[in-house]
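Q: Before anything else, here's the structure in question.
The values are calculated or read from the model by the stated rules, or taken from the named source; none is laboratory data. Just so it is clear, the structure is predicted and the values come from calculations on it, not from any experiment. Methodologically, a virtual Cβ is constructed for each residue, glycine included, from the backbone with ideal geometry; neighbour enumeration extends over all protein chains shown. All accessible areas refer to the heavy atoms of the entire protein, side chains included, with ligands and DNA or RNA removed. Shrake-Rupley method; radii C 1.70, N 1.55, O 1.52, S 1.80 Å.
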Amino acid sequence: MHDSDNFKKIFPSFSDELIDEIETNAIHQSYKAGDVIMRTGQYINNTILVTKGQIKIYREGENGGEFFMYYLQPGQACAVSMICATRSQTSQIMAKVVEDVELIMIPLSLMEKWMMKFRSWYEFVLFTYRTRFEEVLEVVDSIAFRAMDERLEFYLKRHAEACSCKDLKLSHQEIATELNTSREVISRLLKKMEQRGLVRLHRNQIELLT
């Protein structure tokens, strides 16, 4: 259970009344790295708030390929679960734990009630929708208007921003899967980036130099 002061630091926009309501009614869950906590086709009855760790949100293709969309980090919520829960729809995305997470699960009934009762929750939900929509637009722009080398640079920068680090623990195959291309293409493009002084390549790790 999180104390109110700590929770306020993670979700500074929430009113004290909303925090009290969350601590009284919501369910706390923990998951380990590698756990898949949301699958395509699954009905969603809760939305999630992240208080610790990191979750990767992605689409899974019919051939088993993955298409990376964005990360969820402390202080953020899953917009897809919000939309699916309110409309009783199944998930169209996958959610996998990257770093051990602690979550707060908010049942649909509470989420709808809080939209009317708490201005800070209403504004948080709208902000979450808008932020994720903008991120998805960036991904679409990347696919539609950029060559693969530009997409790769965009992909690496997004990962660096998500972890606030320059050392990315990513294999060439993992990147290829998420960008829907071959490992050979990614290895060749990374080698070119290294020659340009943009990255330094290590085993299953890429160091950004810019």
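Q: How many residues does segment 193-208 contain that are among the acidic types (D, E) and open to solvent by 50 Å² or more (accessible area, probe 1.4 Å)? Steps first, please.
A: First, pick out the residues of segment 193-208 that are among the acidic types (D, E): 194, 207.
Subset that is open to solvent by 50 Å² or more (accessible area, probe 1.4 Å): 194.
Residues flagged as among the acidic types (D, E) and open to solvent by 50 Å² or more (accessible area, probe 1.4 Å) within segment 193-208 amount to 1.
Q: Further question on the same structure: Restricting segment 18-51 to residues that are modelled with pLDDT of 95 or more and open to solvent by 80 Å² or more (accessible area, probe 1.4 Å), which is farthest from F118 (Cα to Cα)?
A: K32
Q: List the number of the failed condition for C165; all other conditions in (1) under 30 Å from Q195 (Cβ atoms); (2) part of a helix (DSSP H, G or I); (3) free of Cβ contacts under 8 Å to residues at least 12 places away in the same chain hold.
A: (2)
Q: For residues in segment 3-14 being surrounded by 15 or more Cβ atoms within 10 Å (Cβ to Cβ) and touching a residue at least 12 places away in the same chain (Cβ under 8 Å), which is farthest from A162 (Cα to Cα)? Explain how you work it out, then say what you get.
A: Going through segment 3-14, the residues surrounded by 15 or more Cβ atoms within 10 Å (Cβ to Cβ) turn out to be 7-8, 10-11, 14.
Subset that is touching a residue at least 12 places away in the same chain (Cβ under 8 Å): 7, 10-11, 14.
Working: F7: 21, I10: 16, F11: 18, F14: 23 Å.
Here the answer is F14.
Q: Something else now. How many residues are in a loop (DSSP other than H, G, I, E, B), buried (at least 18 other Cβ atoms within 10 Å of the Cβ) and either touching an Asp or Glu at 6+ places or on another chain (Cβ under 7 Å) or modelled with pLDDT under 90 (or both) when one looks only at segment 70-91?
A: Looking only at that region, the number is 2.
Q: Taking the criterion of being open to solvent by less than 30 Å² (accessible area, probe 1.4 Å) and either without any contact (Cβ under 8 Å) to a residue 40 or more places away in the chain or touching a Leu at 6+ places or on another chain (Cβ under 8 Å) (or both), would at least one residue in segment 131-139 satisfy it?
A: So far as segment 131-139 goes, no, none of its residues is open to solvent by less than 30 Å² (accessible area, probe 1.4 Å) and either without any contact (Cβ under 8 Å) to a residue 40 or more places away in the chain or touching a Leu at 6+ places or on another chain (Cβ under 8 Å) (or both).
Q: Test E99 against the criterion of being touching a residue at least 24 places away in the same chain (Cβ under 8 Å), open to solvent by 60 Å² or more (accessible area, probe 1.4 Å), of a type in the set (D, E) and in a strand (DSSP E or B), and give yes or no.
A: Details: touching a residue at least 24 places away in the same chain (Cβ under 8 Å): yes; open to solvent by 60 Å² or more (accessible area, probe 1.4 Å): yes; of a type in the set (D, E): yes; in a strand (DSSP E or B): yes.
When the stated conditions are applied, E99 passes them.
Q: Could I ask something else about it? Look through segment 21-69, keep the residues that are outside any helix (DSSP H, G or I) and free of Cβ contacts under 8 Å to residues at least 12 places away in the same chain, and return whichever of them is nearest to S164 (Cα to Cα).
A: Among them, the one singled out is G64.
Q: Just wondering, is there one or more residues in segment 169-189 that are in contact with a strand residue (DSSP E or B) (Cβ under 8 Å, 6 or more places away or on another chain), over 22 Å from G34 (Cα atoms) and either assigned to a loop (DSSP other than H, G, I, E, B) or modelled with pLDDT of 90 or more (or both)?
A: Looking through segment 169-189, none of the residues is in contact with a strand residue (DSSP E or B) (Cβ under 8 Å, 6 or more places away or on another chain), over 22 Å from G34 (Cα atoms) and either assigned to a loop (DSSP other than H, G, I, E, B) or modelled with pLDDT of 90 or more (or both).
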